[in-house]
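Here, each number is a calculation from the coordinates, and none is a lab measurement. This structure is a prediction, so every number in the text was calculated from the model and none was measured. Note that each Cβ is placed from the backbone with ideal geometry, even for glycine, and that neighbours are counted across all protein chains shown.
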Amino acid sequence: MTPIVEVRALHKRFGELEVLKGIDFTVAEGEVVSVIGASGSGKTTLLRCLNLLEEFHQGEVLIGGEAIGYHTRRGQRARMGEQEIARQRAMTGMVFQSFNLFPHMSALDNVTLGLTKVRGMPRNQAIELGDHWLERVGMLERRDYRPSQLSGGQQQRVAIARAIAMNPKVMLFDEATSALDPERVGEVLETIRSLAQEGMTMVLVTHEMRFARDVSDKVVFMEDGRIAEQGPPERLFMHPESPRLQAFLKTSSF
Amino acid sequence: MDWSYFFNEVMNNRDALLHGTAITFAVSLIAILAGTVLGIVIGIAVTYGNKPLRWPARLYIDIIRGTPVLVLVLATFYVSSAVGLNLTAFQAGALALTLFCASHVGEILRGALQSLSRGQIEAGRAIGLTFGGIFRYILFPQALRFALPTWITAAVEMVKASTLLSVIGVAELLLTTQQIISNNFLNMQFYLLAGVIYFLIDFAIEQVGRFIGRRLEQPTRRMV
């Protein structure tokens with residue numbers, strides 16, 4: 001079966017600095033993959049390459065078997081047009097560290113914007129679907145609130161609803177709980193966990209080691225722009241092979 | 001002071017006064033509307049454009065904003081005829097004020113857009129919107145809230161700047177007033193009257209601005 005996400009020999013530079021130095025990994029349908037590693041190891045950049053928020057310079061990213069972002073014309077690698085890239089971005093759902101809700105819209109409108117303007121769904125159908133997903137993340141009673149009237153945890157749950165309502169092939173979480181007060185982390189992790197249990201395909205960049213261990217099918221440990229070790233969470237957390245991962249786990253809290 | 005003489009003179013000149021007011025109103029309205037549309041394009045170019053778009057837009061804003069409006073009015077009037085564009089004084093004046101208004105609106109919009117977080121664009125991209133959609137549904141509505149008070153100030157500025165069109169012979173309110181005074185010598189009374197009319201126009205603009213502002217502040221739906 002085709003993997004949902006396939007990354008082949010991915011290279012990315014910021015100017016002279018190479019931040020991804022050849023990444024290969026796959027995510028199968030329904031699989032939950034956590035990406036862990038120290039700050040600056042390239043894990044967030046990797047995630048952002050998966051929905052083309054970052055450009056990359058070599059290698060390929062395939063979502064649902066489709067190579068995204070670049071095509072080769074007469075031997076020249078070129079970035080695709082804006083329309084095409086927008087369409088491909090909608091194949092993935094992204095949840096940001098800082099929520100990035102649209103502050104001038106209600107929670108419901110945040111969720112329905114993409115449905116009506118990108119998917120072309122009629123408004124009443126979009127509201128129905130928006131309500132469904134807001135209920136799913138426990139935010140239906142707050143559907144008419146503005147983001148500024150919601151707590152961080154509530155905002156992030158709305159952001160999850162906004163991303164997943166678009167029916168993406170894979171959900172990407174970029175340190176989704178890092179900006180939250182400690183007492184709000186649980187509700188967001190619970191929401192993510194329940195989506196994972198329903199079979200949603202996910203890639204999570206996270207510092208929550210216990211969560212990564214409990215919820216993931218596979219853990220990817222990144223170090224200095226490379227994948228230093230990957231495998232099932234039991235093996236990586238209980239029997240890490242590389243000395244770097246051993247050192248990283250010692251300094252991480254569970 | 002003989003008030004009956006003044007009122008008599010007002011009645012005798014009411015057509016001229018109304019016409020002058022109408023010209024002031026029309027030229028200001030054209031400048032504000034056309035200048036806002038052009039200014040939005042320039043504001044987008046200077047904020048999000050690539051170099052070939054950004055640089056001319058930046059240059060435009062800096063040069064036009066740095067030029068006295070009177071110079072702009074005279075230059076538009078005389079340069080346009082020198083290059084064979086046969087503009088009437090009204091057209092040249094409206095064009096000058098439009099160019100001036102656009103430079104201000106461009107700069108106001110740039111300031112408002114740059115105050116928005118980059119995450120807003122990324123969130124729009126992530127749900128699959130193209131830049132046009134992101135600007136229309138996400139950036140512009142937010143920028144409008146920031147920019148509205150300054151935009152109103154700029155609109156009021158346009159009405160005041162329209163008095164400068166008197167130097168190229170546009171019979172707007174100020175020139176009309178001066179012509180009336182040259183016949184009856186009621187300096188104080190008629191300048192005061194003109195002042196009141198300018199105030200009413202500006203006051204009306206500010207009220208419209210406040211109304212729009214309140215509409216923008218209203219939540220999309222019920223708020224608790």
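Side notes on the structure shown:
- Look at the stretch B:115-126: the mean tally of other chain Cβ atoms within 10 Å of its residues' Cβ atoms is 6.
- Whether chain B is rounded, prolate or oblate, judged on the alpha carbon gyration tensor where a/c under 1.5 counts as rounded: oblate
- When only alpha carbons are used to place a centre, segment A:122-165 and segment B:34-110 end up 44 Å from one another.
- Where both bridge residues fall in the protein assembly as shown, DSSP classifies roughly 60% of the beta bridges as antiparallel.
- Three-way shape call for chain A based on the alpha-carbon gyration tensor, with the a/c threshold at 1.5: oblate
- In segment B:1-104, the chymotrypsin sites (Phe, Trp or Tyr not before Pro) that fall in loop regions by DSSP, at most 13 other Cβ within 10 Å: none
- Subset of A:K43/A:K169; A:K43/A:K250; A:K43/A:K117; A:K218/A:K250 violating a 25 Å alpha-carbon distance limit: A:K43/A:K117
- Shielding by partners - mean other protein chain Cβ count within 10 Å, residues of A:173-182: 0
- Per-residue shielding of A:100-111, expressed as the average number of other chain Cβ atoms within 10 Å of the residue Cβ, stands at 5.
- According to the calculation over all Cα-Cα pairs in the protein assembly as shown, the P(r) per 20 Å bin from zero is 20, 40, 25, 13, 3, 0 %.
- With at most 15 neighbouring Cβ atoms within 10 Å, loop GluC sites (Glu not before Pro) (DSSP) excluded, longest segment of chain A: A:56-197
- Helix B:51-65 axis versus longest C-alpha principal axis of chain B: approximately 30°, rounded to the nearest ten.
- Cβ-based net charge around B:V46, under 15 Å, with every Lys or Arg adding one and every Asp or Glu removing one: +3
- Mean ellipticity per residue at 222 nm, deg cm²/dmol - from DSSP H runs of n ≥ 4 across chain B, formula -39500 (n - 2.57): -26500 deg cm²/dmol
- Of the trypsin sites (Lys or Arg not before Pro) in segment A:69-125, those whose Cβ has at most 14 other Cβ within 10 Å and which sit in DSSP loop: A:R74
- Summed side-chain charge close to A:E128 - residues other than A:E128 whose Cβ falls under 15 Å, Lys, Arg +1, Asp, Glu -1: +1
- Net charge, A:M222 excluded, C-beta distance under 14 Å - Lys, Arg +1, Asp, Glu -1: 0
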